[in-house]
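Student: First the structure, which I've put down as structure tokens, then a few questions once you've had a look.
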Amino acid sequence: MFEALADRLEAVFKTLRGKGRLSEADIDATLREIRLALLEADVALPVVRDFLSGVRERARSAELSRALNPAQQVISIVNEELIRILGGQARRLRFAKNPPSVILLAGLQGSGKTTVAAKLGRWLAKQGHTPVLVAADLQRPNAVEQLQVLGARAEVPVFAPEPGSGVGDPVDVARRGVEFARRRLHDIVVIDTAGRLGVDEDMMRQAMEIRDATEPDEILFVVDAMVGQDAVTTARAFLDGVGFDGVILTKLDGDARGGAALSVASVTGKQILFASTGEKLDDFDVFHPERMASRILG
Ligand code: GDP
């Protein structure tokens, strides 16, 4: 992902480096090229505008005319603005003063929530925590079993409705999962919830009920980087519905353009906390805006 964007920007900067002093026209031409590169990478239009106005303001200010190497200065402005758009400094997870901390995962079906639950559980366990995963997605066939299998592989315990107990109530399962964690002294509860293929009132209501019953310390919106502009639309809908505190990007290993997913932080004002980059349990890590920016800028 982002290879095409990286190549485009590299070409823009190459032209720029070939020049000594930069005229106003040079800067305008560069900004136009960057605009095209971002739009082609599927970055959402308001984010492109915000980004460019940030770069333009600084490129035209005294900052640039004083620079010894104006091209390098433009590149570093672009880098800093990119980091800003991606959410600035990496943010850490917030934990409850009195454990267990509750992390609620929300997102569409197929976004990678169940996989993320296991990956996050494993990541937390590696950090010295004692998480438990709660299988509150009772909608998608096999979601409970999938979480049990992934949990076993990740060596993280899973709280699930008893087999044969009927369809069950996801709100009840989530609530009992948190009680289970408290009793067994697990310090973090990660709750997997049901998604639908598209934004849907029932799904949102259920997520809100689970939220109200478990009072999460973090609600994390899980979004598939492959889905293009829908990522932005869905993020807005979840923010207005259940609300969320942070974002987890999945499938960053895909070959899509990815810009839409990178727009989610800027559009919602919520930071990207983690990124998932493959199907293996360890293909998951903290999201660092500055590392992502340098990957894109080469
Ligand atoms: P859910 O419906 O939101 O619970 O989504 P799942 O966790 O079942 O994930 C849907 C599909 O995406 C599964 O086949 C996962 O293996 C796959 N998947 C999840 N995360 C990633 C990722 O980071 N990269 C790739 N390539 N596939 C992923």
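The values are calculated or read from the model by the stated rules, or taken from the named source; none is laboratory data. Every value quoted in this text rests on a predicted model; they were computed, and no experiment measured them. All Cβ positions, glycine included, derive from the backbone under ideal geometry; neighbour counts span all protein chains shown. Keep in mind that these areas ignore ligands, DNA and RNA; they rest on the heavy atoms of the full protein, side chains included. Shrake-Rupley method; radii C 1.70, N 1.55, O 1.52, S 1.80 Å.
Student: Can you list residues from other chains, or at least 5 along the same chain, whose modelled amide H is less than 5 Å from the amide H of residue 224?
Tutor: 250
Student: Write down the radius of gyration of the chain and its Dmax, each obtained from C-alpha positions, in Å.
Tutor: Here Rg and the maximum Cα pair distance are 21.4, 74 Å.
Student: Hey, another quick one. Tell me, what is the Rg over Rh of region 241-298, with Rh the Kirkwood radius over Cα pairs? Could the numbers behind the result be given before it?
Tutor: Working: Rg = 11.7 Å, Rh = 12.2 Å.
Taking Rg over the Kirkwood Rh, I get 0.96.
Student: Which residue, 56, 257, 122, has the most motion in a Gaussian network model of the chain that connects Cα atoms within less than 10 Å?
Tutor: Of 56, 257, 122, the Gaussian network model singles out 56 as fluctuating most.
Student: Determine, for each peptide in 20-31, 38-49, the mean count of other beta carbons within 10 angstrom over its residues, then list the peptides with the highest first.
Tutor: Values: 20-31: 13.8, 38-49: 18.6.
Packing order, densest peptide first, comes out as 38-49, 20-31.
Student: Please calculate how many Å² of accessible area the chain carries per residue, with a 1.4 Å probe and no DNA, RNA or ligand atoms counted. The partial results should precede the final answer.
Tutor: Numbers: 13850 Å² over 298 residues.
Result: 46 Å² of accessible area for each residue.
Student: Same structure again: Go through 14/126; 97/119; 14/280; 19/270 and tell me which ones have a Cα-Cα distance over 31 Å in this structure. List each step's numbers first, then the result.
Tutor: Working: 14/126 42 Å; 97/119 24 Å; 14/280 37 Å; 19/270 38 Å.
Going by Cα-Cα distance, 14/126; 14/280; 19/270 fall outside the 31 Å limit.
Student: Short version: ³J(HN,Hα) in whole Hz for each residue of region 56-61, in order, from phi by Karplus 6.51 cos²θ - 1.76 cosθ + 1.60 (θ = phi - 60°), x for Gly and Pro, what are they?
Tutor: Per residue, the Karplus-derived 3J(HN,Hα) values read 4, 4, 6, 5, 8, 6 Hz.
Student: Using a Gaussian network model of the chain whose springs link C-alpha atoms within less than 10 Å, name the residue from 121, 18, 258 with the highest mean-square fluctuation.
Tutor: Residue with maximal mean-square fluctuation among 121, 18, 258: 18.
Student: Long-range amide H contacts for residue 136: which residues qualify at under 5 Å (H placed 1.01 Å from N, peptide plane, sequence gap of 5 or more or a different chain)?
Tutor: Those lying under 5 Å, H to H, from residue 136 are 192.
Student: Follow-up. Between region 223-298 and region 32-94, what is the C-alpha centre distance in whole Å?
Tutor: Measuring centre to centre over Cα atoms gives 18 Å.
Student: Could you quote the convex hull projected area for region 118-174, Cα atoms only and averaged over all directions, in nm²? Can you show the working numbers first?
Tutor: Values: hull surface 15.1 nm².
Projected area, direction-averaged: 3.8 nm².
Student: I'd like the orientation of helix 230-240 relative to the chain: the angle between its Cα long axis and the longest Cα principal axis, in ° from 0 to 90, rounded to 10.
Tutor: Long axis of 230-240 versus the principal axis of the chain: about 60 degrees.
Student: May I pose another question? Around residue 101, which amide H atoms from residues at least 5 apart in sequence, or from another chain, sit under 5 Å from its own amide H, with H modelled in the peptide plane?
Tutor: For residue 101, the qualifying residues are 96, 188, 189.
Student: At 1.4 Å probe size, with the rest of the protein present, what percent of the exposed accessible area of region 209-297 is carbon and sulfur atoms? Could you put the intermediate results ahead of the total?
Tutor: Working: 1430 of 3410 Å².
Answer for region 209-297 is 42 percent, counting heavy atoms of protein chains only.
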